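So the structure is just underneath, and the comments pick up after that.
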Amino acid sequence: MQVIENVRILHFHPGSVSEPTDIAIDGRIIVETGKALAAKYPDASRESPGGYVSPGLVCSHNHFYSALARGLSVAIAPSKDFAQQLVNLWWRLDRALDEGIVRASGLAGAADAAAMGVTAVVDHHASPEFIGGSLDVLREGFDTVGIRGVLCYEATDRNGRSGADAGVRENVRFADAVDAERKAGGDPMVEAAIGAHAPFTVDDRTMAALAAACSSTGRGLHIHVAEDKFDAVDSRYRFGKDICVRLDEAGLLGPRTILGHGLFLTASEVELVNERDSFIAHNARSNMNNFVGYNDKIGQYRNAVLGTDGIGSDMLEEANFAFFKHHDAGGAMWMDSFLGMLQNGNRLLERYFPGKRFGRVEAGYEADLAFWDYDPPTPLEGGNVAGHAAFGMSSRMVASTMVGGKFIVKNRKPLFDARAIAAMGRSETRRLWQRMEEVR
């Protein structure tokens, strides 16, 4: 039992700020908030960090396999469009990944997330030369650092039928392993989805296998869709139907489905996604970086969430970019709409962790918390939280991060071996660069 004393509870959406109060935590669960809780629970340990405490942040679409791409020093041919960029850069990178590089990437990605107040990451993994067992190795980073996750392997036909089959098998194997762990009495911090790269690299045979995998495991599909116009055009040209129609006819749109990007989905597809209660993951910085365009329909989705698509895990910065890009494109939504998308990541978690509640600092919710060292020069109140998030707060102000009632970062000191993780990352990055030079 522990009591966090004299902190202000901050909710980003709907915006609210409490008076100084206490938070009582028993194991992984918040049991009470209120005044003088240390007296009520005299045997509890006590912490008095000051500042603000919010629910932990959720990154709803990431690629930890690209965690070592920062400062990439590899000769990359110029790309005239996104399809060429995939071939020249990203598909070379994922083909260069082996077990050691995947392990280092997972550790580096999880460590970065923890420092940013991110308590859960929904990851989309690819390593075509190391498929079987890759999700176990990736999970090591989540478990070592102590963050939650939803992991999948992006099955694709681009490396041949055997590669596609292996990708589907890895998804099912990992989901079955999580189920076995829970059946044995465990409470895993990492869950499984069924992954696929993008519809233009998934034929009908593999699509059917993915549908069977979702059905047999009870999981949802996590897939890129219409990140570039080519994907949407390819679906109509080769299959005679819109992407989401194709997915729906295969039985792959549902309440656990996560669609990454969706820039070029049609109005009728947006309606279909909403009808099926699926999620769309908006990745504003990645879209800008890849020069693929802007998702001007993002405000029309029932379940829009925010991801980074592999550009770190700074979710306040992601929300800011999403907001400013929206304004730059002539949109009328205010920052609170994008904080709402950030908050929606908790609803996504609840669909993958049944019986658990996320996203509020209230009794009955998981004690996944971010502690903020923010001392604003203007009043921070419920009605102006969005303005502070957009123009004042930064994830660099996160002082501590707690997941499941355990601090994983405390007073800016990681409670895992961050130096060893960084050193491993630098060493494995040298190998990654060398291997990428050998991949053509």
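The single residue among Ala96, Ala108 that is assigned by TED's automatic domain parsing to the domain that holds Phe338, among the aliphatic types (A, V, I, L, M) and either more than 30 Å from Tyr374 (Cβ to Cβ) or surrounded by fewer than 24 Cβ atoms within 10 Å (Cβ to Cβ) (or both) turns out to be Ala96.
Residues are listed down the side, and each one gets a yes or a no for (1) in contact (Cβ under 8 Å) with a residue 40 or more places away in the chain; (2) touching an Asp or Glu at 6+ places or on another chain (Cβ under 8 Å):
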| residue | (1), (2) |
| --- | --- |
| Pro354 | no, no |
| Glu362 | yes, no |
| Tyr365 | yes, no |
| Ser394 | yes, yes |
| Ala399 | yes, yes |
| Phe407 | no, no |
| Lys413 | no, no |
| Arg426 | no, no |
| Val439 | yes, no |
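Tell me, which helices (runs of 4 or more DSSP H) lie completely within the stretch 153-267 with 1 or more residues that are buried (at least 18 other Cβ atoms within 10 Å of the Cβ) and of a type in the set (Asp, Glu)?
On the way: elements: 161-183, 204-217, 229-234, 243-249.
Output list reads 161-183, 229-234, 243-249.
The condition (being under 19 Å from the mean Cα position of the chain (by Cα), outside any helix (DSSP H, G or I) and either over 16 Å from Ser16 (Cα atoms) or at pLDDT 95 or above (or both)) is satisfied by just one residue among Arg351, Arg347, Arg285, Arg302: Arg302.
Of all the numbered requirements in (1) farther than 16 Å from Asp328 by Cα; (2) crowded, with 16+ Cβ neighbours inside 10 Å, Arg302 misses one, and that requirement is (2).
Scanning the stretch 416-440 for residues that are assigned to a loop (DSSP other than H, G, I, E, B), of a type outside the set (A, V, I, L, M) and surrounded by 12 or more Cβ atoms within 10 Å (Cβ to Cβ) yields Phe416, Asp417. Restricting the first member to the stretch 282-297 and to residues that are more than 20 Å from Ile223 (Cβ to Cβ) and touching a residue at least 40 places away in the same chain (Cβ under 8 Å), and the second to residues that are of a type outside the set (Phe, Trp, Tyr) and in a loop (DSSP other than H, G, I, E, B), the beta-carbon pairs closer than 9 Å and six or more apart or on different chains are Phe291/Asp81.
When we screen Glu181, Glu170, Glu191 for residues that are charged (D, E, K, R), in contact with a Phe, Trp or Tyr (Cβ under 6 Å, 6 or more places away or on another chain) and more than 26 Å from Glu428 (Cα to Cα), the only hit is Glu191.
Elements of the type strands (runs of 3 or more DSSP E) sitting completely within the stretch 24-90 and holding at least 2 residues that are more than 22 Å from the chain's Cα centre (by Cα) and not assigned by TED's automatic domain parsing to the domain that holds Arg103: these cover 29-34, 45-47.
Looking at Ser278, Ser268, just one residue is among the hydroxyl-bearing types (Ser, Thr, Tyr) and either outside the structural domain of Ile147 (by TED's automatic domain parsing) or in contact with a Leu (Cβ under 8 Å, 6 or more places away or on another chain) (or both), and that residue is Ser278.
For residues that are surrounded by fewer than 19 Cβ atoms within 10 Å (Cβ to Cβ) and closer than 26 Å to Gly392 by Cβ, scanning just the stretch 354-364, find the one that is farthest from the chain's Cα centre (by Cα). Selected residue: Glu362. Yes or no: Val137 touching a His at 6+ places or on another chain (Cβ under 9 Å), assigned by TED's automatic domain parsing to the domain that holds Ile311 and more than 20 Å from Phe200 (Cβ to Cβ)? Criteria not met by Val137.
Search the stretch 111-137 for residues being touching a Cys at 6+ places or on another chain (Cβ under 8 Å) and assigned to a helix (DSSP H, G or I), and hand back the single one that is surrounded by the most Cβ atoms within 10 Å (Cβ to Cβ). In this case the residue turns out to be Ala113.
The values are calculated or read from the model by the stated rules, or taken from the named source; none is laboratory data. Just so it is clear, the structure is predicted and the values come from calculations on it, not from any experiment. Cβ coordinates were reconstructed from backbone atoms using ideal geometry, including for glycine residues, and neighbour counts include every protein chain displayed.
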